[in-house]
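Asks: Take a look at the following structure, please.
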Amino acid sequence: MVLYSIWMRLSSKNKNRGKAGGRVSFVWRTVPLLLFIFILSACQSKQGVYIQKLKNQHYRLIVNGSPYIVKGVCYNPIPRGLNHEYDWWSDPNKPWIVDGKLMKEMGVNTIRLYQTHDNPEEVRQVIRDLYNLYGIRTFLGDWLGFWEYPCPFYGDKKFQDKVKRQVLEMVALYKDEPGVLGWILGNENNYSCLGHVKPWSSEEVDQELDPQKQKAMRAKIYYSFVNDISKEIHKIDPKHPVGLGNGELVGLEYANEFCQDVDFVACIIYRGKTFGNLFKSLKMTFDKPILLAEFGADCYDAYLKKEDQNMQAFFLESQWKQIYKNLANNKEGAGNCIGGTMFEWTDEWWKHTPDNPETWKIQDTESGWSNGSYYFDIRAQNNMNMNEEWFGIVALGEPLENATPAGGQGLDKRIPRKAYYVVKEFWKNPVIKKSGGKK
Amino acid sequence: MKKLLVVALALNFLVPAIAVAEEKAACPTEFVVYLDKNAKDNHYIPSGWMGDYGDIKMNDQAADNPHSGKTSIQFMYSAKKSQNQGWTGVYWLNPANNWGNKKGGYDLTGMTKLTFWARGAKGGEVIQKVMVGGVNGTYPDTASVEMGPIELTDTWKQYTVNLAGKDLSYINGGFNWSTTVDLNPEGATFYIDDIKFEADPDLKPEGKKQEAMPFYIYADRTTVANHFIPSGYMGDYGDLRYDGASKDDAYLGDTCIKMTYSGKGSQGARWAGIFWQYPANNWGGVDSGFDLSKATKLTFWARGAKGGERIEEFKIGGVMGEFSDSDSATIGPVLLNKEWMQYTIDLKGKDMSYIIGGFAWSANVDNNPDGAIFYLDEIKLEE
């Protein structure tokens, strides 16, 4: 509005000049208009969130005109004794208030939410509280129907329409929230194209006998679908980038062909102390900026059968060093990383045996999967070394006093682990050099 | 006064000279592992027999044609697979049989190479690799360096393991050789002599060299140029049988690989597969990747016994551990034909600079309910 009034004043001054001659009059009328448009567009370009491609082909995220490194966490504050169905959004204890304070002290500037909630007011409240109180922004995500029973029918037009409608509703509801940083579509949904998890097919795919061609057909269907949603999002919300959630780099050669309208890739990577050739490999396969949307380490030593916070801190520090090394304008890296949201803020005690409520009250020490990259405890029985309930940067303890009971209990105490302090120090003074052993 | 000055000056020159001499005495230029039977300078005992240890006979005072002195060490390897391992080897340990459970390592700081002389009884015998250090346990060696394969000649030849730049401050496994049945199907008799560490100040550390192409993973059973070992059995490993010397219509040469996957689900995983690793069983715990940067593709030939066998994935790289592969590349799923067909994994744009897992395949019960028998041949990386 201020700009508009300046332009009107300039224009009216010109009008008062009277018979100043056609050319001069034209100039005097046009210059303010062009100036106005220039200033307006310059100001507009400073608003919102977008990806900037630099002359050296590096990428960076710009938020309201300034470069922004995503220093984030995945956030799903399920209390001890409850599972993923718990509605934490309406928890009267407002866990995000306590968490946001701790996050801000650590240096976290972003959370990633995998899915929004049914009640838009509650979602808005969380986004606003975190942003207004602590300056923490939010990546909002959608599972894209991945968990639907029996499988996500990405080859079915009705299924696609339903999912697309849900996503666009989310975008319409929250796009004007100042705390929103962007959208992340899916998580590891690409694995369903390979049939690894939630396998799906279609009549067209079934008619093809060659399994390699089947895989390619499913990938084409899935990535085209995500691309379609991304285009629709851009139409109604040009101010936020859209990310493609993807397990590892699997399938991105197809995304390169069919999903060019996403703004960045949000990869889920568990490779231990290093991301290896990830950044360069992505540049060769699908030249988009990358957000490490899920990475990290658990803090339970499955071999020695005891908590090992040093192990978790060692891996996280090393991973953040790699992220920083590959940010824009770092000569040593690929320049295509925009930051990361590490997995995860708090432990989740329900995850190892999600079907048995009795076990949600205790933190299970049995490992759920094996990953040799986390090598300190790989000598555990059957090499099962990954403990799903121990990924928190913050451990959960006995409820805080004076907390409002929720689900029969108060708000669990937050106990920062060593990784909390190590990453905090790294963000304050990000020195990128080789990591030593765990201390 | 003058006398005092002369004495003082003399002392001034003499003291450093004495100190240097003492230093030299403290820094020997060689450290002997074996010279002759009962030589007083010998260190370490060839006591760590591995794999098919029943296949080995050792004579550490072989008097026929030693390289120097009166004796050399003779090894006779029968390749009978007494312990059903398909490979064997001997470690020189200190004290005897110490696999790192007690202190016994020597500080060999200052040594820059290990040299030894070797010859085959006939020529053509193959030692898969020789090694210095690499013993783990409670008191692990500070270095692990290997060299090979070596195809022996029937005359004495000296071989060198470059140790420049390595931390040799604690070495319990002074020397080791190992080999396989595949490389010596008829067994092998060979001689080793004059094993010693040496200090050569001019020797430079060996940089990681880019391997020349083609780089074979499997050509034929007895090919010295084969790399990586099919040691990483995964999933239902009890369902797998590997035959690296199948003569069932090999695509090229005398033999091919025959893989038998029963699909019984022995370990309850419902899938199985094998990784070709270097060294054997290395899941990223040993820093030993090959630099295969020159490769632009991996090619191999495959066929099914019946046709229609489905392999979910063929792969190179992707081993993740303390030392992870620099990248990975895959093709699949693949439905095999009854006839030989060549398959290619495209490596353009991939970082092959550090590869421990040279080749892998995996299959599952769901797509092979009756199991699968299939053959592989001519697995190689190409420029």
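Asks: Within segment A:390-397, does at least one residue satisfy the condition of being in a loop (DSSP other than H, G, I, E, B), over 22 Å from the mean Cα position of the chain (by Cα) and exposed (fewer than 14 other Cβ atoms within 10 Å of the Cβ)?
Replies: So far as segment A:390-397 goes, no, none of its residues is in a loop (DSSP other than H, G, I, E, B), over 22 Å from the mean Cα position of the chain (by Cα) and exposed (fewer than 14 other Cβ atoms within 10 Å of the Cβ).
Asks: Which of (1) in a loop (DSSP other than H, G, I, E, B); (2) under 28 Å from A:Asn371 (Cα atoms); (3) within 13 Å of chain A (Cβ to nearest Cβ); (4) touching a strand residue (DSSP E or B) at 6+ places or on another chain (Cβ under 9 Å) is the odd one out, the single condition B:Gly232 does not satisfy?
Replies: Just one mismatch for B:Gly232, condition (1).
Asks: A further question on this structure: Consider A:Gly296 carefully, then state whether it is of a type outside the set (Ser, Thr, Tyr) and more than 14 Å from every other protein chain (Cβ to nearest Cβ).
Replies: On the way: of a type outside the set (Ser, Thr, Tyr): yes; more than 14 Å from every other protein chain (Cβ to nearest Cβ): yes.
The answer is yes for A:Gly296.
Asks: Can you name the condition, by its number, that B:Pro279 falls short on among (1) within 14 Å of another protein chain (Cβ to nearest Cβ); (2) over 22 Å from B:Gly332 (Cα atoms); (3) buried (at least 18 other Cβ atoms within 10 Å of the Cβ)?
Replies: Every condition holds for B:Pro279 apart from (1).
Asks: For segment B:213-249, enumerate the residues that are touching a residue at least 40 places away in the same chain (Cβ under 8 Å), in contact with an Asp or Glu (Cβ under 6 Å, 6 or more places away or on another chain) and closer than 15 Å to B:Ile379 by Cβ.
Replies: Hits for segment B:213-249 are B:Met213, B:Pro214, B:Gly244.
Asks: Is at least one residue of segment A:323-333 surrounded by fewer than 23 Cβ atoms within 10 Å (Cβ to Cβ), of a type in the set (Val, Ile, Thr), assigned by TED's automatic domain parsing to the domain that holds A:Gly81 and not in a strand (DSSP E or B)?
Replies: No.
Asks: Kindly indicate the residue of segment A:364-377 that is outside any helix (DSSP H, G or I) and crowded, with 19+ Cβ neighbours inside 10 Å and also farthest from the other protein chains (Cβ to nearest Cβ) among those meeting that condition. Step through it out loud before you land on a result.
Replies: Going through segment A:364-377, the residues outside any helix (DSSP H, G or I) turn out to be A:364-374.
Restricting the remaining residues to those that are crowded, with 19+ Cβ neighbours inside 10 Å gives A:364, A:367, A:371, A:373-374.
Working: A:Asp364: 21, A:Ser367: 15, A:Asn371: 7, A:Ser373: 4, A:Tyr374: 9 Å.
Checked segment A:364-377; the qualifying residue farthest from the other protein chains (Cβ to nearest Cβ) is A:Asp364.
Asks: Right, another one. Does segment B:290-299 include one or more residues that are in a strand (DSSP E or B) and within 12 Å of chain A (Cβ to nearest Cβ)?
Replies: Here is the first cut: in segment B:290-299, the residues in a strand (DSSP E or B) are B:290-291, B:297-299.
Restricting the remaining residues to those that are within 12 Å of chain A (Cβ to nearest Cβ) gives none.
Within segment B:290-299, not a single residue is in a strand (DSSP E or B) and within 12 Å of chain A (Cβ to nearest Cβ).
Asks: State yes or no: is B:Gly317 under 19 Å from the mean Cα position of the chain (by Cα), within 12 Å of chain A (Cβ to nearest Cβ) and surrounded by fewer than 20 Cβ atoms within 10 Å (Cβ to Cβ)? Show your work before the answer.
Replies: On the way: under 19 Å from the mean Cα position of the chain (by Cα): yes; within 12 Å of chain A (Cβ to nearest Cβ): yes; surrounded by fewer than 20 Cβ atoms within 10 Å (Cβ to Cβ): no.
Criteria not met by B:Gly317.
Asks: So, one more: Answer yes if at least one residue in segment B:258-267 is in contact with a helix residue (DSSP H, G or I) (Cβ under 9 Å, 6 or more places away or on another chain), more than 14 Å from chain A (Cβ to nearest Cβ), of a type in the set (Val, Ile, Thr) and surrounded by fewer than 22 Cβ atoms within 10 Å (Cβ to Cβ), and no otherwise. Spell out how you get there, then give the answer.
Replies: Of segment B:258-267, the ones in contact with a helix residue (DSSP H, G or I) (Cβ under 9 Å, 6 or more places away or on another chain) are B:260-267.
If we keep only those that are more than 14 Å from chain A (Cβ to nearest Cβ) as well, we get B:260-265.
Checking which are of a type in the set (Val, Ile, Thr) leaves us with B:260.
Applying the additional criterion that residues be surrounded by fewer than 22 Cβ atoms within 10 Å (Cβ to Cβ) yields B:260.
For segment B:258-267, residues in contact with a helix residue (DSSP H, G or I) (Cβ under 9 Å, 6 or more places away or on another chain), more than 14 Å from chain A (Cβ to nearest Cβ), of a type in the set (Val, Ile, Thr) and surrounded by fewer than 22 Cβ atoms within 10 Å (Cβ to Cβ): present.
Asks: Within segment A:313-329, which residues are in contact with a strand residue (DSSP E or B) (Cβ under 9 Å, 6 or more places away or on another chain) and without any contact (Cβ under 8 Å) to a residue 60 or more places away in the chain?
Replies: First, pick out the residues of segment A:313-329 that are in contact with a strand residue (DSSP E or B) (Cβ under 9 Å, 6 or more places away or on another chain): A:316, A:319-320, A:322-329.
Hits for segment A:313-329 are A:Gln319, A:Gln322, A:Ile323, A:Asn326.
Asks: Out of all the residues in segment A:279-288, which are over 15 Å from A:Leu244 (Cβ atoms) and either modelled with pLDDT of 95 or more or more than 7 Å from every other protein chain (Cβ to nearest Cβ) (or both)?
Replies: Our first condition is that a residue be over 15 Å from A:Leu244 (Cβ atoms); within segment A:279-288, this holds for A:279-281, A:283-284.
Passing the criteria: A:Phe279, A:Lys283.
Asks: Within the set of pairs 6+ apart or on separate chains, which have a first residue in segment A:130-156 that is without any contact (Cβ under 8 Å) to a residue 40 or more places away in the chain and on the phi > 0 side of the Ramachandran plot, a second that is surrounded by 15 or more Cβ atoms within 10 Å (Cβ to Cβ) and not in a helix (DSSP H, G or I), and C-beta atoms under 6 Å apart?
Replies: Matching pairs, first to second residue: A:Gly145/A:Pro152.
Asks: Given the conditions (1) among the charged types (D, E, K, R); (2) within 14 Å of another protein chain (Cβ to nearest Cβ); (3) closer than 30 Å to B:Ala143 by Cβ, and given that B:Lys204 satisfies all but one, which numbered condition is not satisfied?
Replies: (2)
Asks: I've got another one for you. Right, A:Val180: without any contact (Cβ under 8 Å) to a residue 40 or more places away in the chain and over 15 Å from A:Asp263 (Cα atoms) or not?
Replies: Working: without any contact (Cβ under 8 Å) to a residue 40 or more places away in the chain: no; over 15 Å from A:Asp263 (Cα atoms): yes.
Considered against the rule, which asks whether it is without any contact (Cβ under 8 Å) to a residue 40 or more places away in the chain and over 15 Å from A:Asp263 (Cα atoms), A:Val180 comes out as no.
Asks: Applying the selection to segment A:188-203, what residues are within 14 Å of another protein chain (Cβ to nearest Cβ) and touching a Ser or Thr at 6+ places or on another chain (Cβ under 8 Å)?
Replies: Listed by number, the list holds a single entry, A:Pro199.
Asks: Any idea which of (1) closer than 25 Å to A:Val49 by Cα; (2) touching a residue at least 40 places away in the same chain (Cβ under 8 Å); (3) not β-branched (Val, Ile, Thr) is the one A:Phe258 doesn't satisfy?
Replies: (2)
Asks: Let me ask something else about it. Filter segment B:331-346 for residues that are more than 9 Å from every other protein chain (Cβ to nearest Cβ) and part of a strand (DSSP E or B); which is surrounded by the most Cβ atoms within 10 Å (Cβ to Cβ)? Please lay out each step first, then the result.
Replies: Initially, segment B:331-346 is screened for residues more than 9 Å from every other protein chain (Cβ to nearest Cβ), giving B:336-346.
Within this subset, residues satisfying the condition of being part of a strand (DSSP E or B) are B:341-346.
Working: B:Met341: 14, B:Gln342: 11, B:Tyr343: 17, B:Thr344: 13, B:Ile345: 21, B:Asp346: 12.
Per the stated criteria, the residue is B:Ile345.
Asks: Which residues, taken from segment A:204-234, are more than 25 Å from A:Pro289 (Cβ to Cβ), surrounded by fewer than 17 Cβ atoms within 10 Å (Cβ to Cβ) and either within 13 Å of another protein chain (Cβ to nearest Cβ) or in contact (Cβ under 8 Å) with a residue 24 or more places away in the chain (or both)?
Replies: A:Glu204, A:Glu208, A:Leu209, A:Asp210, A:Gln212, A:Lys213 - these are the residues of segment A:204-234 that are more than 25 Å from A:Pro289 (Cβ to Cβ), surrounded by fewer than 17 Cβ atoms within 10 Å (Cβ to Cβ) and either within 13 Å of another protein chain (Cβ to nearest Cβ) or in contact (Cβ under 8 Å) with a residue 24 or more places away in the chain (or both).
Asks: Let me ask something additional. Within the set of pairs 6+ apart or on separate chains, which have a first residue in segment B:38-50 that is under 17 Å from B:Leu93 (Cβ atoms) and modelled with pLDDT of 95 or more, a second that is buried (at least 16 other Cβ atoms within 10 Å of the Cβ) and among the polar types (S, T, N, Q), and C-beta atoms under 8 Å apart?
Replies: Listed pairs, sorted by first residue: B:His43/B:Asn94; B:Tyr44/B:Asn94; B:Ile45/B:Asn94; B:Gly48/B:Asn176; B:Trp49/B:Thr88; B:Met50/B:Thr88; B:Met50/B:Ser178.
Asks: Consider B:Val286 carefully, then state whether it is under 20 Å from A:Glu248 (Cα atoms) and either part of a loop (DSSP other than H, G, I, E, B) or touching a Lys or Arg at 6+ places or on another chain (Cβ under 6 Å) (or both). Break it down stepwise before answering.
Replies: Working: under 20 Å from A:Glu248 (Cα atoms): no; either part of a loop (DSSP other than H, G, I, E, B) or touching a Lys or Arg at 6+ places or on another chain (Cβ under 6 Å) (or both): yes.
Against the criterion (under 20 Å from A:Glu248 (Cα atoms) and either part of a loop (DSSP other than H, G, I, E, B) or touching a Lys or Arg at 6+ places or on another chain (Cβ under 6 Å) (or both)), B:Val286 does not qualify.
Asks: Among the residues of segment A:87-144, how many are assigned to a helix (DSSP H, G or I), surrounded by 23 or more Cβ atoms within 10 Å (Cβ to Cβ) and touching a Gly at 6+ places or on another chain (Cβ under 6 Å)?
Replies: Total meeting the criteria: 2.
Asks: May I ask you to say which residue of A:Tyr375, A:Tyr420 is within 25 Å of B:Asp325 (Cβ to Cβ) and either modelled with pLDDT of 90 or more or among the aliphatic types (A, V, I, L, M) (or both)? Before the answer, list the steps.
Replies: Numbers: A:Tyr420 fails: within 25 Å of B:Asp325 (Cβ to Cβ).
From the options A:Tyr375, A:Tyr420, the qualifying one is A:Tyr375.
Asks: Which number in (1) assigned to a strand (DSSP E or B); (2) modelled with pLDDT of 95 or more; (3) not acidic (Asp, Glu) marks the one condition that B:Leu108 misses?
Replies: (1)
Asks: Please go through segment B:300-314 and give me each residue that is part of a strand (DSSP E or B), surrounded by fewer than 22 Cβ atoms within 10 Å (Cβ to Cβ) and within 12 Å of chain A (Cβ to nearest Cβ), ordered by number.
Replies: Residues satisfying the conditions are B:Arg310, B:Glu313.
Asks: Sticking with this structure for a sec: Mind telling me which of the residues A:Glu425, A:Glu389 ends up being at pLDDT 95 or above and more than 24 Å from A:Lys71 (Cβ to Cβ)?
Replies: One residue alone meets the criteria, A:Glu389.
Asks: Does segment A:378-388 hold any residues that are in contact with a His (Cβ under 9 Å, 6 or more places away or on another chain) and part of a loop (DSSP other than H, G, I, E, B), and which are they?
Replies: Narrowing segment A:378-388 to residues in contact with a His (Cβ under 9 Å, 6 or more places away or on another chain): A:387-388.
Result: A:Asn387, single match.
The values are calculated or read from the model by the stated rules, or taken from the named source; none is laboratory data. Predicted, not measured: the structure shown is a model, and the values here were computed from it. We place every Cβ from the backbone using ideal geometry, glycine too, and count neighbours over all the protein chains shown.
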